[in-house]
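In what follows, a single structure is set out as structure tokens and then discussed.
The values are calculated or read from the model by the stated rules, or taken from the named source; none is laboratory data. None of the values given here were measured: they were computed from a predicted structure. Note that we place each Cβ from the backbone using ideal geometry, even for glycine, and neighbour counts take in every protein chain shown.
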Amino acid sequence: MPQPSNHLDTGPERPQLELFRSIPGDLAPRDAQDLMAWPFFSLAKTKRLQPIDFRMGDTWIKVEATPEHGMASIWDADILIWAASQIVEARDAGRPTSRLMATTPHEVLTFIGRGTSARDYDRLKAALDRLQSTTIATSIRQPHQRRRHRFSWINEWKERLDGNGRPLGVELIIPDWFYAGVVDQALVLTIDRAYFGLTGGIERWLYRIVRKHGGRQRGGWSFDVPHLHLKSGALSPLKRFAFELRDIVQRQSLPGYRLTLETMFGRERLIFTPTPPDLFDVAMRRAGLRPVDKR
């Protein structure tokens, strides 16, 4: 597999795209539903090289990594949540959007709840490299199921530096497949900002799939645990995966949802229902203030 470049200046797409400059401020986090529902990312904090090869009915996904960078992780996907949030905010305000986006490391890092030290900037650049070098092929949103659409989460990216080598900003190009899903209003959901504080890979993945399927339905939703294990794409065996689910259920760490595990007909099943909103947090949000973290 050829190694991608992180330079935009010589890329064939750049002259054809208008530059979108990011919107400052505390935007609502938005996530792409396709990324929430299917196994596109590594859930491990260690480097993953083994591909994700997922098939369920007519849906198939193949995710491959390079030995140099490893597979893009669910923490790296926070950058895509930032991109989706920017595009939706601009679209709703009647501003033009583009796949070519310009921002600063500080803006991205603060949006996704990270620090802004030199080490955090280096981690951001490593995440951009993983997003660019990871390749995906999928049948999702393809008019012909057998048609192969291969792309990376970021086509190209470039860092701009001042005369002393300090970062001024970054520019990146997101792929058509991701951009099309974001500009389609029906394929994006607002997520709780507390998501960025979740530290476990399975925990983060579980919140996204619960938010996608459970929404705010009063009756909630449920999944067989083996089915969840399959949809996660995790490398851990089912027994380990189930153990981690039980720990998450015990801690009740997913914002906005209550989880329970029940055994039905000899199979363990995870049930999740929305919890009533915190009225103080709602008032804070309406006033344009960030709710207090009570954890």
(request) Of the conditions (1) under 26 Å from L109 (Cβ atoms); (2) surrounded by 14 or more Cβ atoms within 10 Å (Cβ to Cβ), S232 clears all except one; give me its number. (result) (1)
(message) Among the residues of the range 174-195, are any β-branched (V, I, T), under 30 Å from R150 (Cα atoms), at pLDDT 90 or above and assigned to a loop (DSSP other than H, G, I, E, B)?
(response) yes
(request) Quick one: G220 ticks every box in (1) at pLDDT 95 or above; (2) farther than 21 Å from A77 by Cβ; (3) within 23 Å of the chain's Cα centre (by Cα) except a single one, so which number is it? (result) (1)
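Could you tell me how many of the residues in the range 141-172 are of a type in the set (A, V, I, L, M) and either surrounded by 18 or more Cβ atoms within 10 Å (Cβ to Cβ) or modelled with pLDDT of 95 or more (or both)?
Total meeting the criteria: 3.
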(message) All but one of (1) surrounded by fewer than 22 Cβ atoms within 10 Å (Cβ to Cβ); (2) within 17 Å of D53 (Cα to Cα) hold for S73; state the number of the condition that does not hold.
(response) (1)
(request) Considering only the range 113-129, state which residues are part of a helix (DSSP H, G or I) and either outside the structural domain of L168 (by TED's automatic domain parsing) or not small (G, A, S) (or both). (result) R119, D120, Y121, D122, R123, L124, K125, L128, D129
(message) Quick check on my filter: what residues within the range 48-94 are among the charged types (D, E, K, R) and in contact (Cβ under 8 Å) with a residue 12 or more places away in the chain?
(response) R48, D58, K62, E64, E68, D76, D78, E89, R91
(request) Answer with yes or no whether R130 is within 14 Å of the chain's Cα centre (by Cα), surrounded by 20 or more Cβ atoms within 10 Å (Cβ to Cβ) and closer than 26 Å to L189 by Cβ. (result) yes
(message) Looking at V225, V249, can you tell me which residue is at pLDDT 90 or above, of a type outside the set (D, E, K, R), farther than 24 Å from F40 by Cβ and over 15 Å from the mean Cα position of the chain (by Cα)?
(response) V249
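To keep it simple, each residue is scored yes or no on (1) in the same structural domain as F111 (by TED's automatic domain parsing); (2) in a loop (DSSP other than H, G, I, E, B); (3) surrounded by 15 or more Cβ atoms within 10 Å (Cβ to Cβ).
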{"site": "G25", "(1), (2), (3)": "yes, yes, no"}
{"site": "D31", "(1), (2), (3)": "yes, no, yes"}
{"site": "A44", "(1), (2), (3)": "yes, yes, yes"}
{"site": "I61", "(1), (2), (3)": "yes, no, yes"}
{"site": "T66", "(1), (2), (3)": "yes, yes, yes"}
{"site": "L80", "(1), (2), (3)": "yes, no, yes"}
{"site": "E89", "(1), (2), (3)": "yes, no, yes"}
